[in-house]
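Step one of this worksheet: look at the structure below.
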Amino acid sequence: MAKEGALKFPIIAVNDADTKHLFDNRYGTGQSTLDGIIRATNFLIAGSKFVVAGYGWCGRGLASRARGAGAEVIVTEVDPTKALEAVMDGFRVMSMTEAAKLGDVFCTVTGNKNVLAKEHFELMRDGAIISNSGHFNVEIDIPSLERMSSSKRTTRNFVEEYSLKDGRKINLLGEGRSSTWPRRRSSAVRDGHEFRGSGALLRIHGQELQDAREEGVYRAGRSRQRVARLKLESMGVKIDKLTSEQEEYLASWSEGT
């Protein structure tokens, strides 16, 4: 929006902060998404094949939580580096076309559109559960699912059962919107991110970012160490500090072999 001149006010990109994606996205979204799917369906995750589309921080968190619940987790990706990381983390990695034939539960966490599309619905098992925890409901090609179906009914709160013309059924959760809806992310992991957001507002209205009065996107700043330190203190966790000798060594090159 800034590049195209559509942004009319200053924005601080707090979502890019380490205390957002490393913690809120990975642990918060990971847990709340799995919690949302279970609450909506009462489906037993243990022993199921759980397909996670996207291995960003949200995808990593969800894949980890699903594996912890006993699922066989399959990851799909378009980024070779993230796909390799998922392999090294012990997950099965394959294309969505392959995964569509195997999965019991599917969840998109990519931020892109049509990640689950007509060609995938055609391959899914009867009773498959599809959901999204990414950006918007465009991650699932719902119009194609509608056209492929002969009827649709609500079987539980947040669950719509699509009866396909070939007799199979596919269950869509929450109209394809974020699967964290039954219960939002825990305040125990949101607090650090909200602290960053509050700090961003103070920066815009204070003296630290006078230039941010102009339209544009600005970095979140470098207070992540402070946020992490305060969070640890609230949890009663103490960590070590570098000695002056250690700090000097890290900043030098002349010592060591």
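The values are calculated or read from the model by the stated rules, or taken from the named source; none is laboratory data. Every value quoted in this text rests on a predicted model; they were computed, and no experiment measured them. Cβ atoms come from the backbone with ideal geometry, glycine included; neighbour counts cover every protein chain shown. Just the protein is used for accessible areas: all its heavy atoms, side chains included, with ligands, DNA and RNA removed. Shrake-Rupley method; radii C 1.70, N 1.55, O 1.52, S 1.80 Å.
Please indicate, with yes or no, whether at least one residue in segment 180-191 is modelled with pLDDT under 60, surrounded by 19 or more Cβ atoms within 10 Å (Cβ to Cβ), touching a helix residue (DSSP H, G or I) at 6+ places or on another chain (Cβ under 8 Å) and over 23 Å from residue 115 (Cβ atoms). Checking segment 180-191: at least one residue is modelled with pLDDT under 60, surrounded by 19 or more Cβ atoms within 10 Å (Cβ to Cβ), touching a helix residue (DSSP H, G or I) at 6+ places or on another chain (Cβ under 8 Å) and over 23 Å from residue 115 (Cβ atoms). Tally time: how many residues in segment 208-257 are surrounded by 10 or more Cβ atoms within 10 Å (Cβ to Cβ), modelled with pLDDT of 80 or more and part of a helix (DSSP H, G or I)? Result for segment 208-257: 9.
Considering each residue of segment 59-74 in turn, at least one proves to be part of a helix (DSSP H, G or I) and over 15 Å from the mean Cα position of the chain (by Cα).
Scanning for something assigned to a strand (DSSP E or B) and open to solvent by 70 Å² or more (accessible area, probe 1.4 Å), does segment 156-168 turn up at least one residue? Yes: segment 156-168 contains one or more residues that are assigned to a strand (DSSP E or B) and open to solvent by 70 Å² or more (accessible area, probe 1.4 Å). Every test in (1) farther than 20 Å from residue 16 by Cα; (2) in a loop (DSSP other than H, G, I, E, B); (3) aromatic (Phe, Trp, Tyr) is passed by residue 55 save one, and that test is (1). Within segment 99-114, the set of residues being open to solvent by 30 Å² or more (accessible area, probe 1.4 Å) and either closer than 18 Å to residue 143 by Cβ or touching a Gly at 6+ places or on another chain (Cβ under 9 Å) (or both) comprises 104, 110, 111, 112, 113, 114.
Search segment 60-75 for residues that are farther than 16 Å from residue 103 by Cβ and pair each with any residue that is open to solvent by 10 Å² or more (accessible area, probe 1.4 Å) and aliphatic (A, V, I, L, M) when their beta-carbon atoms are under 7 Å apart and the residues are at least 6 apart or on different chains. Close Cβ pairs (under 7 Å, with a partner that is open to solvent by 10 Å² or more (accessible area, probe 1.4 Å) and aliphatic (A, V, I, L, M)) amount to 65/34. Residue count for segment 156-174, restricted to those that are under 18 Å from the mean Cα position of the chain (by Cα) and free of Cβ contacts under 8 Å to residues at least 60 places away in the same chain: 0. Scan segment 117-128 and tell me whether some residue there is within 14 Å of residue 74 (Cβ to Cβ) and within 19 Å of the chain's Cα centre (by Cα). For segment 117-128, residues within 14 Å of residue 74 (Cβ to Cβ) and within 19 Å of the chain's Cα centre (by Cα): absent. Would you check if residue 86 is of a type in the set (Gly, Ala, Ser), at pLDDT 95 or above, open to solvent by less than 30 Å² (accessible area, probe 1.4 Å) and on the phi < 0 side of the Ramachandran plot? Answer is yes for this residue. If only residues of segment 1-23 that are at pLDDT below 80 and of a type outside the set (A, V, I, L, M, F, W, C) are counted, the one that is farthest from residue 230 (Cα to Cα) is 10. Within segment 78-112, the set of residues being in a loop (DSSP other than H, G, I, E, B) and over 15 Å from residue 125 (Cα atoms) comprises 78, 79, 89, 90, 91, 94, 95, 109, 110, 111, 112.
Just one of the listed residues (92, 153) is open to solvent by 70 Å² or more (accessible area, probe 1.4 Å), touching a residue at least 12 places away in the same chain (Cβ under 8 Å) and on the phi < 0 side of the Ramachandran plot, and it is 92. In the condition set (1) open to solvent by 10 Å² or more (accessible area, probe 1.4 Å); (2) more than 18 Å from residue 172 (Cβ to Cβ); (3) not basic (Lys, Arg), residue 59 is compliant with all but (1).
If the condition is being at pLDDT below 95 and open to solvent by 70 Å² or more (accessible area, probe 1.4 Å), then segment 115-150 contributes 135, 136. Scanning segment 1-42 for residues that are in contact (Cβ under 8 Å) with a residue 40 or more places away in the chain, surrounded by 15 or more Cβ atoms within 10 Å (Cβ to Cβ) and of a type in the set (A, V, I, L, M, F, W, C), which turns out farthest from residue 58 (Cα to Cα)? Once the filter is applied, the top-ranked residue is 11.
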